[in-house]
Each structure stands twice: as C-alpha cells, then as structure tokens.
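Asks: Provided herewith is a single structure, encoded as structure tokens, for subsequent inquiry.
What follows is calculated from the coordinates using simple rules that are stated; it is not laboratory data. Computed from a predicted structure; not experimentally measured. Cβ atoms come from the backbone with ideal geometry, glycine included; neighbour counts cover every protein chain shown.
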Amino acid sequence: MQKIQLHLPDATLMGDQSGESVDFLLLHAGGERRQVWHPVMQRLSRSGLGSVAYDQRGHGRSEKKGSETITTFAADTAKMLTTHKSTRIVVGASLGGFAAILALAEYEEQSSLSGLVLVDVIPAPDPERVKNFLSNSMGNLGASPLVENILSNADRLLKATAALSLPLHLVLAGQNDAIHDYEIQRLKSLCPQLTVSHIDHASHLVARDAPTLLADHLIEFEQRHEVRYLSRSTGSA
C-alpha cells in the first residue's frame, strides 16, 4: 500500500493507495480515518481492484483548515476524483456519502464514473433522530457544527440526489435502526435505479464492523452488468 498526499489550496490530505490504477474511491465517516478502509482495500486488491482512501479534512493526519462544511468536503471529493481519473466507483460512509452526493451532482463528476455506493447513509435524514443516534452511540458528535451544517442542507442534498443517474447502491447496517423504511422509499423515488443490500451483523460503522462482507458487496456491485457497461463506455475498464 502506497502513501500519497493530495495538495489542496488550503490543506493537504494524507492518503493510501492500493494498486496502480484506482477503481474505488473510499470516503470514510465523520470521526473516522482512512485506516478503517485498509481491510476493505486488501480484499479488493485480492480481486484485482485498486482503491484509494484519504483522511478527510480535519481527520487523522490531514490538515484542518478552512471552513468545515459539507460544501468543503464535496469540493475535496471532487478534487480526489479529478486527481484519480481512473476511479469508477465512489463509496461514501456517512459524511463521505453526503460529500459524494454533492460532488457527483454539483461538480458534474458522475459523467466519468460507473457507480456510487452509500454505506448506511441517506440524504436528508430526520434531524432529531440523527442527533440522538450520534449522541448516544458516538459521544458528542451529535452536537458537531458539521452535523448541523449537513442537516441544514437537506433540500440541497435531495436535489443533488435526484440529479444522480448512475447506478446507485445502498448498504444498510443490520444493527442500526436510524434509517427508516420511508426514507429508503424516498431515496428510491428520487433514484429508481437504487438497489439495497444489508449486512446484518454490523452497526453504523460498517467498514469497521464487517470489512470483508462490505468488500464483498462492493465487488458484487462492480461486477453488475450496468456498472461494467458504464465502465466500458467511459473507457475506465
């Protein structure tokens, strides 16, 4: 695994890359760091798939500069994609999922990709339920200004989600009831191409709890006809 850096105008992000060509961009959840993806990256590598993961701004060894808003994280994600032009599939967990949705829709990055995977995250979740869940399970994260900023951008996230046309897959954690069925149905109405799978023995931080199973879901998604077709049409595979 190769250590890399992404130099932004106002910060430097530290990352790891597995393989010479990047198939997957892996975006971690808030409060996490890139190492949570290492077991997933190793499993992908054994299947001949390259991947890259960065410590997001203000996480791990990446610098904490500029405003920490979902707009900033989306811009960072867009820069990752323009840097790693061979990327075919973006995987976003929690914070990473919100950033991916905005980057793909508002920065028009989806045209070069063949799929998006959201890991236990949906756009515009119920604010009170999110705050209670984060406060009860992840310390004081529920009171984070970044969480408030994400929740205040619900309409923007829904609009960006509706603009997604590429294959979309949602991986749900079986031990997390923070996402309700009506929210999944709303996502399905915005994106009819949505497919859903479950990892029963994982909590919200799926990459930490069940990395091998999550990697298997990612590999299965990558092998789907519609994903492979887009990969060929964009010249990524």
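Asks: State log₁₀ I(q)/I(0) for the stretch 1-141 at q = 0.19, 0.22 Å⁻¹ as given by the Debye formula over alpha-carbon point scatterers of equal weight, solvent excluded.
Replies: -1.13, -1.47
Asks: Counting only C-alpha contacts under 8 Å and six or more residues apart, can you give the relative contact order of the chain as a whole percent?
Replies: After rounding, I find 19 percent.
Asks: Give me the mean projected area, in nm² to one decimal, of the convex hull enclosing the Cα positions of the chain.
Replies: For the chain, averaging the hull's shadow over all directions gives 11.1 nm².
Asks: Could you please state, rounded to a whole Å, how far the C-alpha centre of the stretch 62-85 is from the C-alpha centre of the stretch 200-234?
Replies: Between the Cα centre of the stretch 62-85 and that of the stretch 200-234, the gap is 23 Å.
Asks: Show that you can apply the helix-only estimate: for the chain, add -39,500 (n - 2.57) for every DSSP H stretch of four or more residues, divide by all residues, and state [θ] at 222 nm to the nearest 500.
Replies: -12000 deg cm²/dmol
Asks: To continue, here is another question. What number of lysine-lysine pairs in the chain show an alpha-carbon separation below 29 angstrom, given a sequence spacing of 8 or more or placement on distinct chains?
Replies: Summing the qualifying lysine pairs gives 19.
Asks: Would you be so kind as to identify which of His225, Ala163, Leu194 lies farthest towards the positive end of the dipole of the chain, taking Lys and Arg as +1 and Asp and Glu as -1 on Cβ and the Cα centre as origin?
Replies: His225
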